[in-house]
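The values are calculated or read from the model by the stated rules, or taken from the named source; none is laboratory data. Everything numeric in this text was worked out from a predicted model, so none of it was measured. Positions of Cβ are backbone-derived with ideal geometry, glycine not excepted, and every protein chain shown enters the neighbour counts. Quick note on the areas: whole protein, heavy atoms, side chains included, nothing else; ligands and nucleic acids left out. Shrake-Rupley method; radii C 1.70, N 1.55, O 1.52, S 1.80 Å.
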Amino acid sequence: MTKKKFSIDFLLLGILILFFIISYLTISSARIYLPSYLGNLEMKQALFYLLGFILAGIIILLSNEKIYRLIYVLYGLGNLSLLLLLFFGSDINGSKCWFMIPGIGSIQPSEFMKIILILTLSVLTENFFQKKKVTIKEEFFFLIKVLVIVLIPSILTFLEPDTGAILMYFMITLGILFLSPLRRRWFIAAISSVIIVLGVIFSLYFWKQDVLIKLVGTDIFYRMDRILDWHQGSGMQLENSLVSIGSSGLTGHGYKKTPLYFPESGTDFIFSVYASNFGLFGALFLVILFIILDTHLITIAKNAKEEKSKYILSGFLFLLLYQQIQNMSMTLGILPITGITLPFISYGGSSLLSYFIMVGIILNINQESKRKGNIIYG
């Protein structure tokens with residue numbers, strides 16, 4: 001007879017608690033520049049954290065296999081929610097990315113679609129590579145299937161529009177495929193295609209704008225202007241961010257003493273608020289926390305007993321790494337401003353709850369690995 005061992009991942013729990021403290025304090029500090037009608041955002045974030053821990057606990061009680069069996073149903077529901085946004089979503093700043101539910105608040109389906117994509121692609125990839133030998137032709141049709149699965153939510157999300165979410169969909173796909181036995185020539189072809197497409201877009205932008213408008217409409221100019229503003233080091237958000245962070249010194253200006261205004265101080269530019277308040281030491285502390293989290297996920301992936309679990313962890317890790325690097329880099333003027341939030345820190349119930357869904361799944365994977373590696377006989 002075997003007995004199942006149960007253990008708490010104290011390292012992950014400790015990191016999440018520290019993330020909550022940092023998020024709460026920074027959102028509270030950022031609120032001095034936010035409209036009063038938004039209410040007490042830090043308390044709302046605290047409630048989302050509490051709901052997140054409860055949600056992760058519920059998932060731990062379930063078997064991951066039950067979730068995997070429903071994955072294509074979840075994929076269909078995720079795409080349906082993105083489609084319904086185009087008709088019933090609330091228009092905020094020219095985008096229909098949210099459902100407004102009275103008494104609850106806003107729900108952003110694209111945040112949950114990220115997690116659904118991670119699970120869907122992981123299950124699909126494991127099933128495909130279970131065969132001992134895979135031909136190039138079979139890989140080609142597999143990639144077509146992957147492309148279709150990713151393109152459907154990408155097109156629906158583009159119509160909202162939410163470019164940042166689309167970038168994360170493709171980072172998830174890259175992470176899962178990179179870990180798979182897929183032949184590397186496909187990555188070379190994909191990178192070459194992206195370079196060519198970007199070259200064509202920039203060429204049309206500078207020399208044939210009338211053709212570009214006919215192809216993709218006028219919204220492309222807003223996105224291109226944001227990229228060029230970054231390249232030139234201009235733009236009010238970026239300039240204020242650089243001044244606030246650059247003047248914060250080792251210990252910062254102090255709690256609730258953000259010197260300059262940021263339009264998205266509680267979300268996209270929350271790292272600027274945090275770094276300006278707590279300085280270089282505070283920024284390094286947060287970066288180290290992210291590094292510990294990422295390293296811990298890599299360790300769990302290495303110990304995972306199923307390929308599917310490794311793909312899931314790879315997709316989530318690529319998602320986190322991309323958001324961490326993109327968000328902090330754009331506030332420092334290193335990368336373009338794309339509206340990517342900082343995981344576990346930026347305000348947002350949908351994103352936070354989606355991360356905690358992954359936390360529950362990861363804890364199940366870790367627990368399963370420990371059970372299979374450490375069986376107690378009684």
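Treating only the Cβ atoms of Lys and Arg (+1) and Asp and Glu (-1) as charged, compute the dipole magnitude of the chain about its Cα centre; round to the nearest 20 debye.
Dipole size: approximately 1520 debye.
List the residues whose amide H sits under 5 Å from the amide H of Glu264, counting only those 5 or more places along or on another chain, with H placed 1.01 Å from N in the peptide plane.
Here Phe269 satisfy the definition.
Given a 1.4 Å probe and the protein chains all in place, what does the accessible area of Glu126 round to, in Å² to the nearest 10?
30 Å²
Expressed in nm to one decimal, what extension gain is obtained for the pair Leu250 and Leu151 from 0.36 nm per residue of sequence separation less their Cα-Cα distance?
Net length gain for the segment: 31.2 nm.
As a test of reading the structure, rank Glu239, Glu160, Glu138 by solvent-accessible area (1.4 Å probe, protein chains only), most first.
Glu239, Glu138, Glu160
Using every pair of alpha-carbon atoms in the chain, split the distances into 20 Å bins beginning at 0 and state the percent of pairs per bin, rounded to integers.
26, 58, 16, 0
Determine the order of Phe140, Phe290, Phe87 by accessible area, beginning with the largest, at a probe radius of 1.4 Å.
Descending accessible area places them as Phe87, Phe140, Phe290.
With the other protein chains left in place, how much accessible area per residue, in square angstrom, belongs to segment 15-164 at a 1.4 angstrom probe?
52 Å²
Of the peptides 161-172, 291-302, how do they stack up when ordered by the mean number of other Cβ atoms within 10 Å, highest first?
Going from most to least packed, we get 161-172, 291-302.
Determine how large the accessible area of Tyr49 is when every protein chain is in place; take a 1.4 Å probe and give Å² rounded to the nearest 10.
0 Å²
Rounded, prolate or oblate: pick one for segment 107-213, where a ≥ b ≥ c are the square roots of the eigenvalues of its C-alpha gyration tensor, a/c under 1.5 means rounded, and failing that, prolate if a/b is larger than b/c, else oblate.
The shape class here is oblate.
Taking θ = phi - 60°, what integer Hz values does the Karplus form 6.51 cos²θ - 1.76 cosθ + 1.60 yield along segment 49-54, in sequence order, with x for Gly and Pro?
4, 4, 4, x, 5, 5
What residue among Gly333, Gly14, Gly89 shows peak mean-square fluctuation when the chain is described by a Gaussian network model with Cα springs under 10 Å?
Gly14
Considering only Cα-Cα distances, which of the following residue pairs are longer than 30 Å: Lys114/Lys370; Lys96/Lys137; Lys66/Lys145; Lys145/Lys310; Lys44/Lys96?
Correct reply: Lys96/Lys137.
Within 10 Å, count the other beta carbons around each residue, average over each peptide in 173-179, 266-272, and list them highest first.
Order by mean packing, descending: 266-272, 173-179.
What's the carbon and sulfur percent of the chain's accessible surface, probe 1.4 angstrom, rounded to a whole number?
70 percent
Mind grabbing the accessible area of Arg183 for me, 1.4 Å probe, Å², rounded to tens?
Approximately 80 Å² for this residue.
Using a Förster distance of 30 angstrom, determine the FRET efficiency expected from the C-beta separation of Leu11 and Asn127, and round it to 0.05.
After rounding to 0.05, the efficiency reads 0.40.
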